Each structure stands twice: as C-alpha cells, then as structure tokens.
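The structure under discussion appears below in the form of structure tokens.
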Amino acid sequence: MAYDTSGEDLHEAIHNQPGYYGIKAPNTLSHRYIFEDVPMSLVPIASLGEHYGVSVRGMDSIIRLACIVHRTDYYRRGRTVNKLGIGGLSVSELSHYVDEGIRD
C-alpha cells in the first residue's frame, strides 16, 4: 500500500513496482554494502545484542563472512558498545539516553 503497488504476495508486489525496474545488485563483493554497512551498522547492532544478552548468531555469521571476504577484521574496525561509550549503561539507562537524544 505504501508504494501504491499490488500483488499476490510481497515478492510479486515488489516486482510490480516500476520504481524498482532496472535496479540491480552490485556485481562485485567490493562495495559499500559490505565495507560501510558491516562495521557501522551490523557490528554495533550485534555488539548491543551481545552486550545485553540477545543471541546475534545470524548477524555474527554475516559479519564473519564479510571479514573473510575482505580479509578485514570488521569487529576491530566497527562500532561497538565500548567504542560508542555506552558499554556501562543498563537497558533502562540506554533507553533514557536514546530518548533524550531524540528530544534534542
């Protein structure tokens, strides 16, 4: 509905959306979807989950694959709870910190 398209399921609706015509995936593994998004998005999400006791096995697998493909330690390069300065916060303290940031 949000994209004004229709289909029997999500897959068909996406393929019926003319805005997506011609968009193709990168033809190489050396692109920003890996070297930017893994250390700056997946690593911090995985770090948060691990820090607060949530299983991040799926994300961890993707991060490890990216490390192998690019021969780079994205865990070392990426943002972690400690690098972000939030490693000592409880869940409620982190929620309060985020709420205050949204209000500012």
> Of all the residues that make up the stretch 1-37, how many are surrounded by 10 or more Cβ atoms within 10 Å (Cβ to Cβ), in a loop (DSSP other than H, G, I, E, B) and either of a type in the set (A, V, I, L, M, F, W, C) or touching a Phe, Trp or Tyr at 6+ places or on another chain (Cβ under 7 Å) (or both)?
Replying inline: 3
>> Please count how many residues of the stretch 68-104 are under 15 Å from residue 41 (Cα atoms), in a helix (DSSP H, G or I) and either aliphatic (A, V, I, L, M) or touching a residue at least 24 places away in the same chain (Cβ under 8 Å) (or both).
In response: 3
> If you check 59, 40, which single one turns out to be touching a Lys or Arg at 6+ places or on another chain (Cβ under 7 Å), at pLDDT 90 or above and surrounded by 11 or more Cβ atoms within 10 Å (Cβ to Cβ)?
Replying inline: 40
>> Being in contact (Cβ under 8 Å) with a residue 40 or more places away in the chain and not β-branched (Val, Ile, Thr) is the filter here; which residues of the stretch 1-47 pass it?
In response: 29, 30, 39, 44
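The values are calculated or read from the model by the stated rules, or taken from the named source; none is laboratory data. This one's a predicted model, so the numbers in the text were calculated from it and none came from an experiment. Positions of Cβ are backbone-derived with ideal geometry, glycine not excepted, and every protein chain shown enters the neighbour counts.
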